[in-house]
Amino acid sequence: MGMKVYGLTKTTNVARVLISLEEVGAEYDVVPVDFATGEHKSQAHLIRNPFGQVPAFQDDDVMLFESRAISRYILRKYKSNLLREDDIKEAALVDVWVDVEYGQYNTPASSICYNVIVKPMHGEEVDLEVVDTNLEKLKKVLEVYEARLSQCKYLAGDFISFADLSHVPCTYYLMLTQYKSVFDSYPHVKAWWEAIMTRPSIKKVFDIMSA
Amino acid sequence: MSLIKLYGMPMATCTMRVLLCLEEVGAKYELVPISMPTGEHKSPAHLARNPFGQIPALEDGDLTLFESRAIARYVLRKFKGQGPDLLKEGNLSESAMVDVWLDVEAHQYNPAISPIVYQSLILPRMYGGTPDQSIIDTNLEKLKKVLDVYEARLSKSKYLAGDFFSLADLSHFSYTKYFMATPYASVFDSYPHVKAWWEDFTSRPAFKKVAAGMGGHQ
């Protein structure tokens, strides 16, 4: 039985797992979970993800949730160098910047995307105050990233890692909004993003997300 | 071998996460206090260690790290074999379960419990502020939903990642210890497996030592 990812490919956290799968060239199926009918809260799905969220993941009798944990499993199983686990210092730096992605970058970036992309899709009003507050938070984070990426090519060092790729799904959506211009003030961050976008796995996942 | 330096405060929750790991593996380290009230965490010297101006940060020779869970993984890997195996990185499925529940702690448990601790303990004691009961109440409801999941999980396995104690369990200690000093500690009484889990791992020597460092804050 091949690997199964439960969720919708447009969802950022699902896309994160797809990136790891594409990077290692694994065979997998995406099994949609229909939020509109409440399938994510069904007994069948709660067994896979007790918080009723996506993604969930199955590889034979291994059942996982939390997209970054799933990604680590996939990368380890296929002995990918994206975790740098052969070098204790490099692996630690990867872990640092994965945690920064979740703890610092993701909240303001995804809040902006939710307000300007998702809310209008549901006919809800955009809260510009929330967008502005999160834009200011994001700029402070990008200042740190600009300084970091002025010192090394990628976040964990001069090597691309899971830390960089973990930023992709949310940044993909951010770049579809008018706020993509924020990145123009951070030339090293912009160059970093452009380098990431050239990876075949990323191009493939963008195609899947936009399908 | 140069001594590991941990920059932070012994009663600060994220610093405690790293202290527990250092104590579990019996590492030699120096705790260098960073004074938050004087703004030392925003000084150029500290920003060079943690560009977000937070604690903890760790220096080990020429390696500087921040983010307490990332630091914890490093410490546990470096001293693997010297203390208990809290990462299980030799086993693909076990290490994945540790990763899952460590992320659950960060993404589900912590966001619910930390505002309660902040409002009812930190705000009044450190800043002389008044707790916002609506924030506490909202987060208590969130916490109960999380504890529902934990109760189900801990009814099936002794610890979160499986029948072995791991970093996933350890990572819950500091905020939960503070929560037990709030008026809401009795919430855990409705979750017998969670309560038993909590009482089990707080009896570990490393936990007692780090709890002692919390001073009058527990």
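The values are calculated or read from the model by the stated rules, or taken from the named source; none is laboratory data. Model, not experiment: these values are computed from the prediction. In this analysis, Cβ positions are derived from the backbone assuming ideal geometry, glycine residues included, and neighbour counts consider all displayed protein chains. Please note that ligands, DNA and RNA were not included when accessible areas were found on the heavy atoms of the full protein model with its side chains. Shrake-Rupley method; radii C 1.70, N 1.55, O 1.52, S 1.80 Å.
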Quiz item: Which aspartates and glutamates does A:K204 reach when only Cα atoms under 18 Å apart count, and residues fewer than 8 places away in its own chain are ignored?
Solution: A:E22, A:E23, A:E27, A:D29, A:D164, A:E194
Practice problem: At 1.4 Å probe size, with every protein chain present, just tell me what the per residue accessible area of the protein assembly as shown comes to in Å². | Solution: 43 Å²
Quiz item: Using 1/(1 + (r/R0)^6) with R0 = 56 angstrom and r between the beta carbons of A:D207 and A:T133, what's the FRET efficiency to the nearest 0.05?
Solution: 0.95
Quiz prompt | Tail fraction, Cα-Cα pairs, the range B:66-110, threshold 18 Å, whole percent | solution = 31 percent
Practice problem: Please state, as a whole number in µm²/s, the translational diffusion coefficient that the Stokes-Einstein equation yields for the protein assembly as shown at 20 °C and 1.002 mPa s, with Rh defined as the Kirkwood radius across alpha carbon pairs. | Solution: 95 µm²/s
Quiz item: What distance in nm separates the simple spin-label points at A:M121 and A:Y78, each placed 7 Å from Cα in the Cβ direction?
Solution: 2.6 nm
Self-check item: Gyration tensor over alpha-carbon atoms, the range B:65-183, equivalent ellipsoid semi-axes in Å
Solution: 30, 18, 10
Quiz item: What is the range A:61-110 by shape, rounded, prolate or oblate, if you read a ≥ b ≥ c off the alpha carbon gyration tensor as root eigenvalues and call it rounded for a/c under 1.5, prolate for a/b larger than b/c, and oblate otherwise?
Solution: oblate
Exercise. Work out, in µm²/s and without decimals, the Stokes-Einstein translational diffusion coefficient of the range A:87-211 at 25 °C, 0.890 mPa s, Rh from Kirkwood over C-alpha pairs.
Key: 162 µm²/s
Quiz item: Share of Cα-Cα pairs in chain B beyond 24 Å, in percent?
Solution: 44 percent
Quiz item: Kirkwood hydrodynamic radius of chain A from all distinct Cα pairs, in Å?
Solution: 17.9 Å
Quiz item: Semi-axes of the equivalent ellipsoid of the range A:146-211: what are they in whole Å, largest first, if each equals the square root of 5 times a C-alpha gyration tensor eigenvalue?
Solution: 20, 16, 8
Quiz item: Which lysines does B:K42 reach when only Cα atoms under 19 Å apart count, and residues fewer than 8 places away in its own chain are ignored?
Solution: A:K137, A:K139, A:K140, B:K5
Practice problem: Please express the shape of the range B:170-218 as an equivalent ellipsoid: the semi-axes are the square roots of 5 times the eigenvalues of the C-alpha gyration tensor, given largest first in whole angstrom. | Solution: 18, 14, 7
